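Notes to accompany the following structure.
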Amino acid sequence: MPPKTLLTGIKPTGTIHIGNYVGAIRPMVDLATDTDTDATFAFIADLHALNAMRDAEQVKKYTRQVAAAWIAGGLDGENIALFRQSDIWQIPYLSTLLMNMTAKGHMNRAHAYKAMVDENMAAGKDPDDGVNMGLYTYPILMAADILAYDATHVPVGEDQRQHVEITRDIVTTTNHLYGDDTLTLPEPVVLKGESVPGLDGRKMSKSYGNIIPLFAPMADIKKACMSVVTDSRTREESKEPESVTIFNIYKHVAKVEEVAEMRAGFADGGLGYGDAKKQLFSAMERLLAPMRNRFDDLMSNPDELDSILVAGAKAARGKAEKTLTRLKSKMLGHP
Ligand code: TRP
């Protein structure tokens, strides 16, 4: 069996919320600590964030939050390198080489760019209004991330699958020209099913302003839990549990037997929304308790956090350097 190398990145573009934890951090930690995983590279995609973020202080703040959330969530250990993307100068270099292996048509079809073009057209604007080249070439930078560390498995949300497919296409083109030992073909590992709704029942997203933050003061988390949107059905009425947003959040954070109990409470009638919200808050409290101290420690001790990121970057650079040397030799004739 070839070594199993995991790689994933998170963009530091907003406050980490319970949806990020359940959908990305928790499953990533499970995979990284799996016995058949040989190495894990996890990074904060701060270069990717620049296509939309203009305030360096904010980039820095969210980068720290993501790093601290990952460590507090358990992504910490021997074979795990956690680092800032921008600390690996080999990545933009690789990206430049890979540009030449990438069909422009792929960029035209990449979903983030295409969504912006469609929106502009619908509004009667120039199709490329507000589009910068960072957004347009986003998938190439992402391919560089994946290929630099010879990643074999890339855990991502469904929305990122297309980017991994583009990476695979880049590998096929490159290896066809320069030999099969040039780049490692990665598999997407799509993290399914764990999508937590926000306070209003839509997808939890900072752009909708409907998040439950992961590490806010407990009073704020309580306030968020108490403000989950409900309807006017009475306590006694029997309700389809999946029609209640409180339940749809609760099922991702509570224990199996608690979930069964709340399910029955709504289906049979008798469980009021107020009580259900209190149960949601106590499940959140319990879930967060083991992570909060570590998170708060790291946030109030930037030196410790930095030293973890610096050590991670050192390990990552060593690996990326090898890949870059290999590709330069093949493409340019010198290492
Ligand atoms: N594009 C990913 C996102 O928006 C972040 C990311 C950057 C990434 N590079 C990556 C994910 C490489 C997986 C692999 O969330």
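The residues of segment 129-151 that are surrounded by 13 or more Cβ atoms within 10 Å (Cβ to Cβ) and over 28 Å from THR184 (Cα atoms) amount to a single one, VAL131. For segment 1-23, filtered to residues that are away from the ligand (no atom under 13 Å from the Cβ) and surrounded by fewer than 20 Cβ atoms within 10 Å (Cβ to Cβ), the residue that is farthest from ARG64 (Cα to Cα) is MET1. Applying the criterion of being part of a helix (DSSP H, G or I) and of a type in the set (Phe, Trp, Tyr) to the residues of segment 83-114, the residue that is surrounded by the most Cβ atoms within 10 Å (Cβ to Cβ) is TYR113.
Taking the conditions exactly as written (touching a Pro at 6+ places or on another chain (Cβ under 8 Å), surrounded by fewer than 18 Cβ atoms within 10 Å (Cβ to Cβ) and polar (S, T, N, Q)), does ASN120 satisfy them or not? Criteria met by ASN120. Out of ARG202, ARG263, ARG235, one residue alone is farther than 23 Å from MET291 by Cα and touching a Gly at 6+ places or on another chain (Cβ under 9 Å). It is ARG235. A search for C-beta distances below 6 Å between a residue of segment 153-182 that is near the ligand (Cβ under 10 Å from one of its atoms) and any residue that is polar (S, T, N, Q) and part of a strand (DSSP E or B), counting only pairs 6+ apart in sequence or on different chains, returns PRO155/THR8.
Residues are listed down the side, and each one gets a yes or a no for (1) of a type in the set (A, V, I, L, M, F, W, C); (2) in a loop (DSSP other than H, G, I, E, B); (3) touching a strand residue (DSSP E or B) at 6+ places or on another chain (Cβ under 8 Å):
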{"residue": "VAL22", "(1), (2), (3)": "yes, no, no"}
{"residue": "ARG26", "(1), (2), (3)": "no, no, no"}
{"residue": "ALA42", "(1), (2), (3)": "yes, no, yes"}
{"residue": "ALA52", "(1), (2), (3)": "yes, yes, no"}
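Where a number appears in this text, it was derived from the coordinates with a stated rule and is not lab data. In this text, all values refer to a predicted model and were calculated from it rather than measured experimentally. Please note: Cβ atoms are built from the backbone with ideal geometry, for glycine as well, and neighbour counts cover all protein chains shown.
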